[in-house]
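**Q** What follows is a structure written as structure tokens; I'll ask about it next.
The values are calculated or read from the model by the stated rules, or taken from the named source; none is laboratory data. Remember, it's a predicted structure, so these values are computed and weren't measured experimentally. Because the Cβ atoms are built from the backbone with ideal geometry, glycine has one as well, and the counts that use them run over all protein chains shown. To get the accessible areas, we keep the full protein, side chains included, count just its heavy atoms, and leave off ligands, DNA and RNA. Shrake-Rupley method; radii C 1.70, N 1.55, O 1.52, S 1.80 Å.
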Amino acid sequence: MSTKRPDAATRRTQLLDAADAVFRIHGVHAPLELVVAQAGVGRATLYRQFPDRHALLLALMERSVERLHAKVDSLRGQPDAFFVLLQYLADRIVHSPALSDYWRTTGLRDPRFTPVRERAAGAFADALRSSQAAGLLRADVEPQDLTLLSGMLGAALRGATEAERRRLVQRALDFLTHGLRPLP
């Protein structure tokens, strides 16, 4: 009886899950050997899927944006969708601080990340309009403000522990939420 080898898509998912776990603990500059060990695959499998660290990080970002779009789809027509998405973003910052920091900094200077950044910003556009139409969000908030808002939430990355990051991001979210509401 032979065991069937996992297909490339399964291996890719294994590697992305492993990279997410390793980077969460050791940062995005952790040795890729840790990713290989966590995934339980050979080094050649990693490099067949991802030729370098940036390709792996880009794939993680793309997966993150796919999940963001799935969240957006689940919120269609919900008037407070923009604020729910901000909470979702805050949770991602707490859960995956190294990737979040990479997303906020390194990816800005690399044109390979531009399409994924644009897709992420676009995910918020409908929710922004919906929350504005419901009178829940200030009329002067624009889609490009998301970069500033995520940078403000990113201040939580200064927390040394997940609990501290959660406290900081919730505090920033409280300030943001009140500041984003329309004036009476």
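**Q** Which value, in Å² rounded to 10, gives the accessible area of His95 with a 1.4 Å probe and all protein chains present?
**A** 70
**Q** So, one more: Can you give me the % of accessible surface on the chain that is carbon or sulfur? Probe 1.4 Å, all protein chains present, nothing else counted.
**A** Heavy-atom surface of the chain belonging to carbon and sulfur, 1.4 Å probe: 56 percent.
**Q** Related question: For the range 46-78, which trypsin sites (Lys or Arg not before Pro) are in a loop by DSSP, counting at most 11 other Cβ atoms within 10 Å?
**A** Arg76
**Q** Let me ask something else about it. Enter the accessible area per residue of the chain (Å², integer; probe 1.4 Å; all protein chains in place).
**A** Dividing the accessible area of the chain by its residue count gives 56 Å².
**Q** What is the angle, in °, between the Cα long axis of helix 114-133 and the longest principal axis of the Cα atoms in the chain? Nearest 10 is fine, range 0 to 90.
**A** Its long axis makes an angle of about 30 degrees.
**Q** Take the alpha-carbon positions of the range 25-184, form their convex hull, and give its projected area averaged over all directions (one quarter of the hull surface) in nm².
**A** 10.0
**Q** Quick one: Karplus J couplings for the range 157-172, per residue in order, coefficients 6.51, -1.76, 1.60, θ = phi - 60°, nearest Hz, x for Gly and Pro?
**A** 4, 6, x, 6, 10, 4, 5, 5, 4, 4, 4, 5, 5, 5, 5, 4
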